[in-house]
Amino acid sequence: MIRVYNFSPGPSMLPLEVLQQASQGLINYQNSGMGVAEFSHRSAMFGDILQACIKNFKTLLNIPEHYHVLFTQGGAVAQNALVPMNLLKNQSLAQYGITGHWSQKSYEEAQRYASFAKIECVHQAPRDINLAHWQVNEQAAYLHLCSNETVDGIQLFDVPTTGVPIVADMSSDILSRPIKVENYGVIYGGAQKNIGISGLTFLIVRDDLLGRHLDICPQIFQWEQMAKHQSLLNTPSTFAIYIAHLVFEHWLNLGGMPYIEKNNQEKAKMLYDCIDQSALYHNDVEKSHRSHMNVVFRLADESLNQAFLDQAKMHQLEGLKGHKQVGGMRASIYNAMPLEGVAKLIDYMKAFEKNGGTSF
Ligand SMILES: *Cc1c(COP(=O)(O)O)cnc(C)c1O
C-alpha cells in the first residue's frame with residue numbers, strides 16, 4: 001500500500017506507528033481477547049488508558065497541577081456554546097478577539113447568551129492582528145480567541161497582556177509548539193488535528209473557573225461535573241481517547257515539545273520560502289502571523305487551480321484545496337506530516353510552476 005501525503009485540515013494524518021498499534025489494539029488489547037472499543041469505560045483497563053492519557057498530555061504540555069484535563073464530545077464547535085454557558089454566572093461581559101473564520105463563529109454563537117451578559121468584540125481587523133491593539137476590559141468574565149485560524153492560515157504566537165482569563169480555541173495548533181498554559185484560563189479544541197481522531201474534544205480548565213456555569217447549563221455539559229467525575233459522567237469516546245493516548249506517547253518518546261516544535265518550524269519555513277521565492281504562488285498573511293500549521297496560498301493564475309490539484313493527486317499529494325469560503329490552496333502540515341511530505345510538495349510546486357501548469 002502506498003500512503004499518500006495528506007494535507008487535509010482535519011481529520012488529518014496520524015503517525016503510522018500509532019495506526020499500527022491502534023489496529024492491533026482494536027482487535028486484541030494487551031492480550032485481553034477483546035478490542036479496546038469493546039470493553040467498558042468503567043473497566044480497570046480503560047481507567048488505566050484514561051489516566052495514562054491525561055498524565056502524558058500534562059507532561060507533554062507542562063500543564064500545572066491547578067488545571068483539569070477533560071475529555072468530552074461535540075467538537076470545538078459545541079464549546080462555542082458551552083464556553084459562555086460555563087463561564088457567565090453572575091457576569092455582565094465577555095469579550096472576543098476576531099482574527100478569522102473560527103473566532104468569528106465563536107463570537108456569533110456566543111451572541112445567543114446576550115441576555116445573560118454583553119458579548120463584545122475587542123478586535124476585528126484581519127490585516128492588523130497586533131495584540132497590543134486589543135481593547136480588553138479587565139471586568140470581562142473572559143477573553144476568547146482562536147490561537148490558529150485554520151481557514152485563514154493565521155496564528156497567534158502570543159497572548160494579550162491581561163488579568164482576564166483567556167479562553168483559547170487551540171483545535172489546530174495544540175501541541176504544535178510549547179506554550180505557557182498559565183497564560184490561559186481555558187484551552188479547548190477538537191482532537192482531529194494534532195491529537196488524534198474526530199469524536200473527541202479536549203479541555204484544559206483552570207480549577208478556579210470550574211463552577212461558574214449558568215443555571216440553564218445542562219449537567220452533562222458542566223465542566224465542574226466533568227471534572228468531578230473525571231470525564232466519566234457518561235460513556236466517553238473510548239477509542240478516541242485510546243488513540244490520543246498513543247499519540248501522546250509517540251511524541252513523548254521522540255523528545256516531546258522541543259522535538260515537535262523544531263520539526264514544525266522547519267517544515268513551515270521550507271514551504272513559505274518556496275512560496276515567497278515563486279512567481280506563481282503567493283501568501284498574503286502578515287509574516288509574523290503566518291500559521292505553522294495551515295499554509296494558505298494562491299496561484300497568480302487561478303484558472304490553473306484544478307490542474308494544480310489534479311496533478312498533485314497524481315503525485316500522491318492530497319487535501320490541498322483551500323476552504324470553500326476563501327478559495328485558493330491550503331497545505332495543513334500538522335505534527336504527523338513528515339518533513340519528506342513537505343519536501344515532496346515543494347518539489348511538486350516547483351515542477352508545476354516550471355511546466356506552466358501542463359502535465360508532467
Ligand atoms: C477544526 C476546527 C474547529 C471545528 O472543530 P469541530 O471538532 O469540527 O467542532 C473549530 N475551531 C478551529 C480553530 C478548528 O481548527
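Results, tabulated for the structure shown:
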quantity	calculated
Sulfur and carbon atoms: percent of accessible area, segment 217-360 [1.4 Å]	51 percent
Choice from E182, E65, E224 with maximal GNM fluctuation in the chain (Cα, 10 Å cutoff)	E65
DSSP bridge orientation in the chain - percent antiparallel, rounded to nearest 5	55 percent
3J(HN,Hα) from dihedral phi, segment 109-119, Karplus parametrisation 6.51/-1.76/1.60, rounded to Hz, x for glycine, proline	5, 4, 4, 4, 9, 5, 7, 9, 7, 6, 10
Peptide ranges 30-40, 91-101 listed from the most packed, as the mean C-beta count within 10 angstrom indicates	91-101, 30-40
Diffusion coefficient, µm² s⁻¹, Stokes-Einstein with Kirkwood Rh over alpha-carbon pairs of segment 167-287 at 10 °C and 1.306 mPa s	93 µm²/s
Listed residue pairs exceeding 25 Å between alpha carbons, taken from K55/K287; K321/K350; K58/K262; K105/K193	K55/K287
Gain upon complete extension [H323, S32; 0.36 nm per residue less C-alpha separation]	100.4 nm
Centroid-to-centroid separation of segment 233-257 and segment 318-338 [C-alpha atoms, Å]	24 Å
Per residue solvent-accessible surface (Å²) - segment 77-155, probe of 1.4 Å	39 Å²
Pairwise label distance in nanometres, D48 with T161, each label 7 Å out on the Cα-Cβ vector	4.9 nm
Note, ³J(HN,Hα) from phi for segment 329-345, Karplus 6.51, -1.76, 1.60, rounded to Hz, x at Gly and Pro	10, 8, 10, 8, 10, 5, 3, 7, 6, x, 3, 4, x, 5, 4, 5, 4
DSSP bridge pairs, segment 164-294: antiparallel proportion in percent, nearest 5	60 percent
Carbon + sulfur, % of accessible area of segment 11-80 - ligands and nucleic acids excluded, 1.4 Å	54 percent
Kirkwood Rh, angstrom, the chain [1 / mean 1/r, Cα pairs]	21.4 Å
Rel. contact order, % - alpha carbon contacts under 8 angstrom, at least six apart, the chain	23 percent
Per residue accessible area in Å² of segment 165-316, where ligands, DNA and RNA are left out and the probe is 1.4 Å	39 Å²
Efficiency of FRET between D347 and N130 - r from beta-carbon atoms, R0 25 angstrom, step 0.05	0.10
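The values are calculated or read from the model by the stated rules, or taken from the named source; none is laboratory data. All figures in this text were calculated on a predicted structure; none of them were measured in a lab. No Cβ is skipped: glycine too gets one built from the backbone with ideal geometry, and neighbour counts run over all protein chains shown. SASA here: full protein model, heavy atoms, side chains in, ligands and nucleic acids out. Shrake-Rupley method; radii C 1.70, N 1.55, O 1.52, S 1.80 Å.
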